[in-house]
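The values are calculated or read from the model by the stated rules, or taken from the named source; none is laboratory data. Fair warning: this is a prediction, and the values are worked out from it, not measured in the lab. Here the Cβ is made from the backbone with ideal geometry for all residues, glycine too, and neighbour counts use every protein chain on show. Protein only, heavy atoms only, side chains kept; ligands, DNA and RNA dropped before computing areas. Shrake-Rupley method; radii C 1.70, N 1.55, O 1.52, S 1.80 Å.
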Amino acid sequence: MKNELPYNHSTTASNSEHPVFSGNLYIFSAFDIGFDIDFKGIKQFKEVRTEHVHVSKFFKHYHLPLEIEIPNASEHSKSVSSKIHQFGAISLTYKIPFNDTLPDLRTTLTKLDERYQKQAVNDAYSIYKTIKPFIVKPNFYHLKSTYTVIQLNINKNITGADIKNQYGHDIATLLRFETESLSDFQKEIIVASSIGYFKKDLIIIDNQAAFIYDPQYKELLDFFELGNIQQLELHYFDKLLDKQLATLYERKTQSLPLLSYMPFIGSRYFDPIGDLNRLKVDISVITERLESSIKLGGETYFSEIYNLIIKQLDLRSWQKSIDKKLNIIKEIRYVYQNKVDANREDLISILIITLIMIEVGLAMMK
């Protein structure tokens with residue numbers, strides 16, 4: 001579980017007030033690449049190398065992603081994990097060691113983050129090109145979600161409270177990817193979302209990045225990866241519903257074929273409620289699969305961390321936004337459905353009246 005470098009103090013006078021910390025940056029990137037991925041076909045495809053993901057005790061062992069090798073990856077690649085998810089997503093994790101003061105790390109963090117975000121795009125596209133034949137409705141880089149974790153190695157002489165009190169401004173600035181120190185007000189807001197279990201522990205979670213000072217930090221990384229993927233999928237569904245709402249608001253409804261008004265067979269050509277229900281099922285299945293993939297019964301501390309991640313990534317607000325938009329679309333589609341149903345009833349009435357008139361006409365002719 002531990003891969004720690006020694007904690008150092010700079011020997012130069014200019015850095016005497018700023019100790020050198022060692023640790024790692026973990027950059028999580030997730031990409032939406034399509035509607036669905038055929039895992040069975042990929043496992044039989046000889047040109048890609050996949051294996052089952054080894055998950056921690058906090059995750060359920062079904063609906064698991066596949067670990068996939070990045071094609072033509074460099075020997076110096078910092079990627080420690082590359083996964084494909086059956087609902088049409090790629091997730092990549094990069095680990096970048098550092099040995100620096102916190103003020104100096106502030107100036108390099110943004111550059112490192114930008115560099116590995118670009119690397120993530122290249123690596124994800126390599127995977128996408130390889131597995132494209134097995135993707136339903138492939139579409140690379142439709143959406144992307146990222147999150148960064150700054151992990152410091154433990155020093156036995158420094159507690160989490162010491163880190164928070166002495167370096168709170170530096171940590172807050174790091175988590176917002178700023179180079180200038182934030183105000184005391186902003187610093188207090190950011191460090192307020194801190195948590196720890198033992199005296200030495202300190203975890204601060206923000207909306208773009210998190211800070212971890214905990215010897216058992218590796219158990220927490222999966223939570224951040226999961227939160228990042230949840231954010232990606234919620235953004236995807238929210239954007240999908242935005243497109244449908246824009247079409248409805250602009251009255252760009254498609255012209256319906258005449259057969260859509262025919263009784264009994266019209267629903268094959270126009271079924272707004274059925275389309276909406278299928279969309280709701282897709283959203284429910286994927287969101288439920290992600291939410292239920294984690295099991296934290298009896299683990300109060302880890303539950304608090306996961307709930308903090310959900311809160312800081314604003315996942316519940318995204319879910320509420322999706323539910324609200326679904327209700328709006330449902331109301332509008334019910335109006336369309338009622339209009340079509342009324343037209344179908346009118347058509348049936350016309351057919352009945354026409355048949356009666358034909359019978360009367362035939363009787364009179366006789």
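Once the Cα-Cα distance is subtracted from the 0.36 nm per residue extended length, the THR300 to SER74 segment shows a gain of 77.3 nm.
Using the Cα gyration tensor of region 18-152, with a ≥ b ≥ c the square roots of its eigenvalues, what is the shape: rounded (a/c below 1.5), prolate (a/b larger than b/c) or oblate (neither)? Prolate, because a/c is 1.5 or more and a/b exceeds b/c. Summed over the residues of region 176-223 and divided among them, the accessible surface reaches 49 Å² per residue at a probe radius of 1.4 Å. The solvent-accessible area of MET364, taken with every protein chain present and a 1.4 Å probe, is close to 150 Å². When you count the other C-beta atoms within 10 angstrom of each residue and take the mean per peptide, 194-207, 43-56 line up highest first as 194-207, 43-56. For region 20-141, the per residue solvent-accessible surface stands at 50 Å², with DNA, RNA and ligands left out and a 1.4 Å probe. Is region 169-230 best put as rounded, prolate or oblate by its Cα gyration tensor, with a ≥ b ≥ c the root eigenvalues, rounded for a/c under 1.5, and otherwise prolate when a/b is larger than b/c, oblate when not? In terms of gyration-tensor shape, oblate.
Net charge around SER29, counting only other residues with Cβ within less than 14 Å of its Cβ (Lys, Arg = +1; Asp, Glu = -1)? Once positives and negatives cancel, what remains is +1.
Within the straight-line cut-off of under 25 Å between alpha carbons, the lysines reachable from LYS187 are LYS111, LYS164, LYS199, LYS200, LYS311, sequence neighbours fewer than 8 places apart in one chain being disregarded.
Can you tell me the dipole magnitude for region 145-248 around its Cα centre, using point charges on the Cβ only (Lys, Arg +1; Asp, Glu -1), in Debye to the nearest 20? Don't jump to the answer; show the numbers that get you there.
Values: 9 positive and 15 negative charges, 36 e Å.
Once rounded to the nearest 20, the dipole reads 180 debye.
If only the Cβ of Lys and Arg carry +1 and only the Cβ of Asp and Glu carry -1, the dipole of region 156-197 around its Cα centre is close to 200 debye. Per-residue SASA remark: HIS169, around 60 Å² accessible (1.4 Å probe; ligands, DNA and RNA not included).
Over all other residues within a Cβ to Cβ distance under 11 Å of ILE205, the charged ones net out to -1, with Lys and Arg as +1 and Asp and Glu as -1.
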